Structure formats: C-alpha cells, structure tokens
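Heads up: the structure comes next, in structure tokens.
The values are calculated or read from the model by the stated rules, or taken from the named source; none is laboratory data. All values derive from a computational prediction rather than experimental measurement. Here the Cβ positions follow ideal geometry from the backbone for every residue, glycine too, while neighbour counts run over all protein chains shown. What goes into the accessible areas is simple: the full protein's heavy atoms, side chains included, and nothing from ligands, DNA or RNA. Shrake-Rupley method; radii C 1.70, N 1.55, O 1.52, S 1.80 Å.
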Amino acid sequence: MPNKDHSSTFWTSVANAYKNDTRVIFEMYNEPYPDNNNWDSTAGWTCWRDGGWCNGVSYEAAGMQSLVNAVRNTGAKNVILLGGLAYSNSLAQWKSYKPTDSTGNLGAAWHSYNFNYCNNQNCWDSYIKPVAQSYPVVATEIGENDCAHGFIDPLMNWMDGLGMNYLGWTWNTWDCKSGPALITNYNGSPSNFGVGFKNHLAYLAQQGEQEEQEEEGQISIN
C-alpha cells in the first residue's frame, strides 16, 4: 500500500506536471495487497480505500481516496486507474469501494496471469466483467510464466469482447519461470509468449483495416 507520509505529496507533484496533457493516465499504485494479500476481504477493501493502520502493512497507509483527492485538488482531469486487491488481480468489490471522483474519470487497473487466483473465464465473468460493464478496465499487466500463450490467447479474446485494453508484461529477457518475458533478447526477438501477444495485436490491426475499407466502400457506393 502507498504510505501516508509521502504518497499524496508525490501525486500532487505528478499531477501538477501532467495535468495539461490528458493523454497521460495515472495508475495510483502498483499491485496493492492489504490484509495479508487476502483476495477479497472487507478489511482489505476498507484499507484500500481509506488507508490507516492496516493488517499486514507495517506503516500507516494512504487510501486510494486520499490519492484521488490529491490529484483532483490540482485541477488535473487525467484518467486515474486503480488496481484492486491481491496484486491487482481482484476487482471483486472494486465498484462498492471505489473512491469518489469529482471528474468521473476513474477506471480500474487489473493484472492477470496464469498463476493468479482469478485465472479462468468463470472468475473473469463473475468478478471482472461487472466492473468492465460500468467502468473502463485496463489490464496493465497480462502474461504467463510458461513461455507460451495458451493462457493469454483466450484472455485477450475475452477482453476484446468487452472493449477492454491490455498490456503484455514484460519487455525483459527473464527465464519465463522466474517471470513472464515477451522477448528473448534486447533486439526484440519474441519468446513464444511474445509471439502470441504480437500475433494477436497484428490480427486486431488487420481486422481494423478491413472494417475501415468496408466502411469506405459503403460510403462510396451510397
């Protein structure tokens, strides 16, 4: 969890620097895990929103509401993304505990890996889809630790169906067992995981081009 001593000051500084460029998106904190990484607990979600002295956190935490306030008090209207519990894998009570936001420019950040608790469509439909139907959800990390793409392929198809956006993690040459790696060297040669991610993005680009050509054809005929 972010700490109360410095986090609001940090975000005030960042917001002042980028508030005139609304293309910049603010993700308040990477992978919170209050209440000893409980995937879905009242104590965890309360700490997430309100901060304070929380179970499993050795310092006084800043809640997401205070960080949202710090950004908005600068006049910044940039989109803010908030990752949920359990290293941002849980959005189970995100809608119930989301901070108030004077601009309405609030969305959820979600992390999804094959080794997470919520790693199948039944879970996604139950806990992620309800959020995505009401708020922007960006999967700011997706991946798998087996140097393959059997997990991300159905995940990306599922997210496409909901209009979600996603980022592959990570641009690193790690052995996949120690962490998901999109590349095998810094010339950009893809791992099998990277091949799957790249091919899917290429397919989406091709589909987009075809739709544009079809629309242009319809316009010219009409």
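Please determine whether any residue of region 95-110 is more than 15 Å from the chain's Cα centre (by Cα) and among the hydrophobic types (A, V, I, L, M, F, W, C).
No, the conditions are met nowhere in region 95-110.
Residues being more than 18 Å from HIS111 (Cα to Cα) and either surrounded by 14 or more Cβ atoms within 10 Å (Cβ to Cβ) or in contact with a His (Cβ under 8 Å, 6 or more places away or on another chain) (or both): count how many of those fall in region 174-183.
2
Residue pairs, Cβ under 7 Å, 6 or more apart or interchain, first in region 97-118 and within 15 Å of PHE26 (Cβ to Cβ) and touching a residue at least 40 places away in the same chain (Cβ under 8 Å), second of a type in the set (Lys, Arg) and open to solvent by 10 Å² or more (accessible area, probe 1.4 Å). List them.
These pairs meet every condition: PRO99/ARG49.
Quick one: in region 30-43, which of the residues that are touching a helix residue (DSSP H, G or I) at 6+ places or on another chain (Cβ under 7 Å) and not acidic (Asp, Glu) is surrounded by the fewest Cβ atoms within 10 Å (Cβ to Cβ)?
Here the answer is ALA43.
Go through region 10-26 residue by residue and tally those that are of a type in the set (S, T, N, Q) and either closer than 20 Å to ALA109 by Cβ or free of Cβ contacts under 8 Å to residues at least 12 places away in the same chain (or both).
Of region 10-26, the ones of a type in the set (S, T, N, Q) are 12-13, 16, 20, 22.
After this cut, where a residue has to be either closer than 20 Å to ALA109 by Cβ or free of Cβ contacts under 8 Å to residues at least 12 places away in the same chain (or both) as well, the list is 13, 20, 22.
Matching residues across region 10-26 total 3.
Return yes when GLY51 is in contact with a helix residue (DSSP H, G or I) (Cβ under 8 Å, 6 or more places away or on another chain) and under 24 Å from ASN116 (Cβ atoms) and no when it is not. Please lay out each step first, then the result.
Values: in contact with a helix residue (DSSP H, G or I) (Cβ under 8 Å, 6 or more places away or on another chain): yes; under 24 Å from ASN116 (Cβ atoms): no.
Considered against the rule, which asks whether it is in contact with a helix residue (DSSP H, G or I) (Cβ under 8 Å, 6 or more places away or on another chain) and under 24 Å from ASN116 (Cβ atoms), GLY51 comes out as no.
Any idea which of TYR186, TYR166 is aromatic (Phe, Trp, Tyr), buried (at least 21 other Cβ atoms within 10 Å of the Cβ) and not in a helix (DSSP H, G or I)?
Details: TYR186 fails: buried (at least 21 other Cβ atoms within 10 Å of the Cβ).
When all the criteria are applied, what remains is TYR166.
Looking at the structure I just gave you, is ALA76 part of a loop (DSSP other than H, G, I, E, B), in contact with a Lys or Arg (Cβ under 7 Å, 6 or more places away or on another chain) and small (Gly, Ala, Ser)? Working first, answer last.
Values: part of a loop (DSSP other than H, G, I, E, B): yes; in contact with a Lys or Arg (Cβ under 7 Å, 6 or more places away or on another chain): yes; small (Gly, Ala, Ser): yes.
Yes, satisfied.
Taking region 20-29, which residues are open to solvent by less than 60 Å² (accessible area, probe 1.4 Å) and either hydroxyl-bearing (Ser, Thr, Tyr) or in contact with a strand residue (DSSP E or B) (Cβ under 7 Å, 6 or more places away or on another chain) (or both)?
Within region 20-29, the first condition is being open to solvent by less than 60 Å² (accessible area, probe 1.4 Å), and the residues that meet it are 21, 24, 26-28.
Selection gives PHE26, GLU27, MET28.
A quick yes/no check of all residues on (1) of a type outside the set (Phe, Trp, Tyr); (2) free of Cβ contacts under 8 Å to residues at least 12 places away in the same chain; (3) within 30 Å of VAL131 (Cβ to Cβ):
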| site | (1), (2), (3) |
| --- | --- |
| GLY163 | yes, no, yes |
| TYR186 | no, no, no |
| SER189 | yes, yes, no |
| TYR203 | no, yes, yes |
| GLU211 | yes, yes, yes |
| GLY217 | yes, yes, no |
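From the residues in region 44-59 that are outside any loop (DSSP other than H, G, I, E, B) and open to solvent by 60 Å² or more (accessible area, probe 1.4 Å), which one is nearest to ALA86 (Cα to Cα)? Write out each step before concluding.
Keep residues of region 44-59 that are outside any loop (DSSP other than H, G, I, E, B), which gives 44-53.
Add one more test, that the residue is open to solvent by 60 Å² or more (accessible area, probe 1.4 Å), and what stays is 49-50, 53.
Values: ARG49: 14, ASP50: 17, TRP53: 18 Å.
Once the filter is applied, the top-ranked residue is ARG49.
Among residues belonging to region 65-104 that are of a type in the set (Gly, Ala, Ser) and touching a strand residue (DSSP E or B) at 6+ places or on another chain (Cβ under 7 Å), point out the one that is most open to solvent (accessible area, probe 1.4 Å).
Pass one, region 65-104, residues of a type in the set (Gly, Ala, Ser): 66, 70, 75-76, 83-84, 86, 88, 90, 92, 96, 102, 104.
Okay, now just the ones that are also touching a strand residue (DSSP E or B) at 6+ places or on another chain (Cβ under 7 Å), so 66, 83-84, 88.
Working: SER66: 45, GLY83: 2, GLY84: 0, SER88: 0 Å².
So, considering only residues that are of a type in the set (Gly, Ala, Ser) and touching a strand residue (DSSP E or B) at 6+ places or on another chain (Cβ under 7 Å), the one most open to solvent (accessible area, probe 1.4 Å) is SER66.
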